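Take a look at the structure below.
The values are calculated or read from the model by the stated rules, or taken from the named source; none is laboratory data. Quantities reported herein were computed from a predicted structural model and do not represent experimental measurements. All Cβ positions, even for glycine, are placed from backbone atoms using ideal geometry, and neighbour counts span all protein chains on display. Just so you know, the surface numbers come from the protein's heavy atoms only, side chains and all, with ligands and any DNA or RNA stripped out. Shrake-Rupley method; radii C 1.70, N 1.55, O 1.52, S 1.80 Å.
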Amino acid sequence: RALAENSAAAHPLQEKIDSAMRASELSEPVWERITAELDQAGSGTTATLNPEEDATPPRPVEQSVADGGASPEDEDTAAPPVLDEPVQSSPTVKSPASKAMAPGTLLGDRYVIVSQALTGGMGCVYKALDRSKKESGDPDPWVAIKVIGDALANHPQALAALEREAENCKALQHDNIVQVFGFERDGDNCFITMEWLEGESLVGLLERARQKPPSATQLRKIILGLGAALVYAHSRGVTHADVKPGNVFVTRDGAVKLLDFGVALVEAGETARELEARTPGYSSCEVLEGQNPVPADDVFSYSLLIYRLFGG
């Protein structure tokens with residue numbers, strides 16, 4: 001009721017629930033759900049092509065990659081495991097719900113869907129078993145599959161750009177960049193295959209930092225890992241164009257991975273502007289004005305992310 005009357009009430013309310021959690025008067029899941037609403041009320045939301053990190057705060061789960069994340073809203077929801085960020089609907093991007101696939105679905109006569117990991121503006125992401133890897137004795141036969149949503153699948157220019165740039169991203173072989181395997185088609189389904197990672201996005205770390213700031217060692221590893229990924233990508237002519245906490249993944253063993261070259265995959269210019277392929281909170285003025293992203297825009301976003309890491 002307080003938020004409905006005045007969104008400025010979010011800040012004092014956040015202080016009260018933080019105090020209640022420290023005093024063990026609130027469980028962490030309840031604190032997370034209330035914090036999500038306070039964050040949205042205090043900062044507002046802007047629809048983007050990719051899920052944005054400033055909505056529902058995350059819950060650490062062992063899931064993967066791809067769009068930066070989707071949303072667990074309630075701890076007791078019996079839904080498939082998801083990443084750590086919510087989906088925000090866009091005025092120009094429809095929900096890809098029609099692409100939802102049941103466990104056991106076979107794609108390309110090779111990939112067996114195991115579970116849905118997240119849902120975002122670009123499509124649904126699934127954990128899948130790669131039968132070719134399994135049959136060859138690969139000890140890690142899992143892959144992440146991003147099934148492209150209807151908004152892009154029905155947009156020939158964007159789909160062509162996705163296919164072309166997904167092939168280009170296969171060449172980005174770096175310890176701090178998620179590995180893209182390729183772009184494939186199966187009937188009406190178009191999908192991108194990537195390596196499967198277990199851990200959480202940087203959003204989870206930032207939310208927990210409300211109570212316990214990250215160590216200097218951890219911050220250093222994140223900052224240097226992300227910087228190394230950008231230097232490598234830029235040296236090969238690739239601009240990420242959407243650097244934000246939701247696109248940085250920390251694996252269970254502490255490795256830092258840059259995810260979702262989604263805006264880079266969808267070419268800049270009219271296509272990107274039409275699909276709202278930008279994140280206002282971390283975009284440079286030039287990108288917000290519709291100019292083609294360049295490495296300097298990544299540096300701008302990277303700097304904001306570093307500030308966020310240190311500033312909370």
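Just a few scattered comments:
- Residues that are over 22 Å from residue 222 (Cα atoms) and hydrophobic (A, V, I, L, M, F, W, C) were ranked within segment 285-304; the one that is least open to solvent (accessible area, probe 1.4 Å) is 287.
- Condition broken by residue 84, with the remaining ones in (1) charged (D, E, K, R); (2) crowded, with 18+ Cβ neighbours inside 10 Å; (3) modelled with pLDDT of 50 or more satisfied: (3)
- Out of 256, 250, 243, one residue alone is open to solvent by 20 Å² or more (accessible area, probe 1.4 Å) and at pLDDT 90 or above. It is 250.
- A count restricted to segment 191-206 and to residues that are open to solvent by 10 Å² or more (accessible area, probe 1.4 Å) and either assigned to a helix (DSSP H, G or I) or touching a helix residue (DSSP H, G or I) at 6+ places or on another chain (Cβ under 7 Å) (or both) stands at 2.
- Among the conditions (1) modelled with pLDDT of 90 or more; (2) surrounded by fewer than 17 Cβ atoms within 10 Å (Cβ to Cβ), the only one that residue 213 does not satisfy is (1).
- Verdict on residue 158 being at pLDDT below 90 and open to solvent by less than 50 Å² (accessible area, probe 1.4 Å): yes
- Which numbered condition residue 175 misses (of (1) closer than 15 Å to residue 251 by Cα; (2) in a helix (DSSP H, G or I)): (2)
- For segment 216-237, a residue qualifies if it is assigned to a loop (DSSP other than H, G, I, E, B) and buried (at least 21 other Cβ atoms within 10 Å of the Cβ), but none of them does.
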